[in-house]
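Notes for the one structure printed next.
Bear in mind that the values in this text are calculations on the coordinates, not laboratory data. Note that the structure is predicted; figures quoted are calculated from it, not measured. Cβ atoms come from the backbone with ideal geometry, glycine included; neighbour counts cover every protein chain shown.
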Amino acid sequence: MSEIINFKNVSYEYRSGENFHRGVIGLNFSIQEGEFIAILGHNGSGKSTLSKLINGFLKATFGEVNVLGINPSDDRRIYELRSQVGMVFQNPDNQMVATMIEDDLAFGPENLGIPREEITERIDWALDIVDMKEYKNKMPNKLSGGQKQRIAIAAILSMRPKILILDESTAMLDPKGRKEVMATIKKLNKEQGLTVILITHYMDEAVEADRVFVLNQGVITVEGTPAEVFKEVRKVRDAGLELPIPSQVCIELISKGYDIPFVLTDEDLVDALIEQKQRKSKQKPGFKFK
Amino acid sequence: MARDLTLGQYYPVESFVHKLDPRIKFIIMTVYIVGVFLVKHIYGFAVVAAFAILSTLISRVPILSVLKSLKGIIFIVIFTAVLNVFFHTEGKVYFTIGKLLITEGGVFFALKMALRLILLVLGTTLLTYTTTPMALTDGLERLMTPLTWIKIPVHDIAIIMSISLRFIPILMEEVQKIMKAQRARGAEFDRGGLVKRAKALLPILIPLFISAFRRADELALALDARCYNATPNRTRYKKLKMHYRDFIAFLAGAAYIVLIVAVNNKFWIPTLTYSFPFI
Ligand SMILES: Nc1ncnc2c1ncn2[C@@H]1O[C@H](COP(=O)(O)OP(=O)(O)OP(=O)(O)O)[C@@H](O)[C@H]1O
Ligand SMILES: [Mg+2]
């Protein structure tokens, strides 16, 4: 694995006239190729700012950003960078430029001057990955939110990026749509080796990531695997976040004196409870006869 | 409900008309419109109407759906017709209302204007029914390509058109949602005088604009994220190639305009002039 993104002491300030607004402060991190990163933080904590620093939408006020060997502040290579760093946003309706799905997928590659035959191949490939092949020459109006967002992802994939950033792309979806999109994201990460940066408000999504960054007031306050991060209960709560529900249950149980391990997912919680029960029945074999 | 909006609503079936090159369709549409304004004769109108109806039949779009587009202009048609009746006084007087005369010439002129409007809308509706907005803008862009020589940003204009077409139904739906929300808060949109009604629109317009700007914001980012304007050597996914059928359609368009000119000049039917002097 090689390093694909590197932030060295990066800060960003929004300027409007005389006023300065904190965007992010002193970010230091490195992301490896093929990693799945989740970024958590309450509203205004700087998640979008961080992501925009990666694809050059914003240029760092201080510090150094390096993405795929490119400095996003370098205007000469900005399109090379953006074709490698795909970004998907919140509302799928606002990301489609064409009325026909295949035309929408063609838009990115067209802008990059990719030859027609290759665009055709890419469209088929991208639609296949997001499992929307049969919608190639349909209009997006009648699709569900999850399907629309998968099309939006495919429209980015057709540029063949190495990094995929999703800025709250699941926030507007219903639970079913959210599941579909998450499954697509995981597939892209595992099967296509895409580096994924998922900005989300949902803890159950963050739990799926390799590493989690927690942003609080523009600063990364906790970083690590989901298990490491959510064990920092105080810091997570300080950042205005809640733990994943299974972890909350788990902490509640531990505080009541139960001896179960710290878990993040529903499945693990069920396993832990079953194990706890079995252990109990072993400790007190005669219990049932009383 | 907003989805029924005819503007930019493509009717997806396969047909000769659907498959035509959008450039050819634009050219024929222009010829058709020129024809609509050229005709002076009832037989000329028959030619235009026949052309429109035939095209609709060939396109396999139900005639009823095309006719539905007239709902939106009925008021304008009646208004222009009524106005024109009084503006033209010529020939036999049917009856008088005060100082206003209703004459044979006036009635025919009004009828002609109404027919023109109707045929105009029918033709353009058929174009939008049989051509995807993307193909429309694509065709227009290519027809306008020579204009890039005088530094007109043809491609940007095409993108703006395509995006507008895409967002019209979305924003219409939003209007409905906002209206519902405001109604739930006790707003009334269909009561009171003109001023009161206009005022009632304000609570719709403001949220609509806010939402539109928010959408525009995200859209701008999405365009940038997809490398809009990355290179002047943009490629095109959709190939536009002229086929046999385009040539046939072109001939049909040519025949149409020749026929109209011929009928206008009474080449074939000289006797008609005497029976209907004003048509
Ligand atoms: N264009 C701007 N001008 C001035 N300040 C801005 C601008 N955009 C963001 N900010 C400020 O920068 C800070 C970080 O914003 P950012 O959009 O990165 O947060 P976020 O974590 O993405 O929030 P959200 O969950 O609402 O999307 C906020 O305090 C915000 O007010
Ligand atoms: Mg944000």
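Taking the C-alpha atoms only, the angle from helix A:245-255 to the longest principal axis of chain A is near 30 degrees.
The chymotrypsin sites (Phe, Trp or Tyr not before Pro) of region B:202-270 meeting both criteria, a DSSP state outside H, G, I, E and B (loop) and at most 12 other C-beta atoms within 10 angstrom of the site's C-beta, are B:Phe267, B:Trp268.
Could you tell me which trypsin sites (Lys or Arg not before Pro) in region A:173-258 are loop residues by DSSP with no more than 16 other beta carbons within 10 angstrom of their beta carbon?
Listed in order of number, the matching sites are A:Lys256.
Residue farthest toward the positive end of the dipole of chain A, with Cβ of Lys/Arg at +1 and Asp/Glu at -1: which of A:Thr225, A:Val181, A:Gly17? Positive-most Cα among the choices belongs to A:Thr225. The charge dipole of region B:154-229, taken about its Cα centre with unit charges on the Cβ atoms of Lys, Arg (+1), Asp and Glu (-1) only, comes to about 500 debye. Distance between the 7 Å Cα→Cβ label points at A:Asp131 and B:Asn264: 6.0 nm. Relative to the longest principal axis of the Cα atoms of chain A, the long axis of helix A:101-112 lies at roughly 60 degrees. Scanning chain A for GluC sites (Glu not before Pro) in DSSP loops with at most 12 neighbouring Cβ atoms within 10 Å leaves A:19-241 as the longest stretch between them.
Here the protein assembly as shown is treated as an ellipsoid with the same Cα gyration tensor; its semi-axes, largest first and in whole Å, are 61, 28, 23. Using a/c under 1.5 as the rounded threshold, could you call region B:154-229 rounded, prolate or oblate? The axes a ≥ b ≥ c are square roots of the C-alpha gyration tensor eigenvalues, and prolate needs a/b larger than b/c, oblate otherwise. In terms of gyration-tensor shape, prolate.
For region B:170-186 and region A:190-240, what is the separation of their Cα centres, given in Å? Going from one Cα centre to the other spans 37 Å.
Placing dummy labels 7 Å off each Cα toward the beta-carbon, the span from B:Ile157 to A:Lys256 is 7.1 nm. Between B:Ile157, B:Ile168, B:Asn229, the Cα set farthest toward the positive side of the dipole of region B:154-229 (charges on each charged residue's Cβ, about the Cα centre) is that of B:Ile168.
Peptide B:231-243 is shielded by partner chain Cβ atoms: per residue, an average of 4 of them sit within 10 Å of its Cβ. For a straight C-alpha distance cut-off of 27 angstrom, the lysines reachable from A:Lys142 (same-chain residues fewer than eight places away being disregarded) are A:Lys133, A:Lys176, A:Lys179, A:Lys186, A:Lys187, B:Lys19, B:Lys68, B:Lys71, B:Lys177, B:Lys180, B:Lys238, B:Lys239. How many angstrom lie between the C-alpha centres of region A:1-54 and region B:134-167? Centre-to-centre distance over Cα atoms comes out at 37 Å. In the protein assembly as shown, taking the dipole from charged Cβ atoms about the Cα centre, the farthest positive-side position among B:Phe45, A:Ala155, A:Gly44 is held by B:Phe45. Exposed loop sites, defined as GluC sites (Glu not before Pro) outside DSSP H, G, I, E and B with at most 12 other Cβ atoms within 10 Å, are absent from the longest region of chain B, namely B:15-187. Max-minus-min Cα coordinates of chain B on each principal axis give 68, 59, 38 Å, with the largest extent listed first. The calculated FRET efficiency for the pair A:Thr265 and A:Glu33, based on their C-beta separation and a Förster distance of 25 Å, comes to about 0.45.
Averaged over the residues of B:129-138, the number of partner chain Cβ atoms lying within 10 Å of the residue Cβ comes to 3.
Other protein chain C-beta atoms within 10 Å of residue C-beta, averaged over B:212-225: 5.
Counting helices only, and only those DSSP H runs with n ≥ 4, report the 222 nm mean residue ellipticity of chain B as the sum of -39,500 (n - 2.57) divided by its residues, in deg cm²/dmol to the nearest 500.
Helices in chain B give a 222 nm mean residue ellipticity of -22500 deg cm²/dmol.
With Cα atoms defining each centre, region B:69-111 and region A:251-278 are spaced 85 Å apart in the structure.
For chain A, the mean residue ellipticity at 222 nm estimated from helices alone is -12000 deg cm²/dmol, where every DSSP H run of n ≥ 4 contributes -39500 (n - 2.57) and the total is divided by all residues, rounded to the nearest 500.
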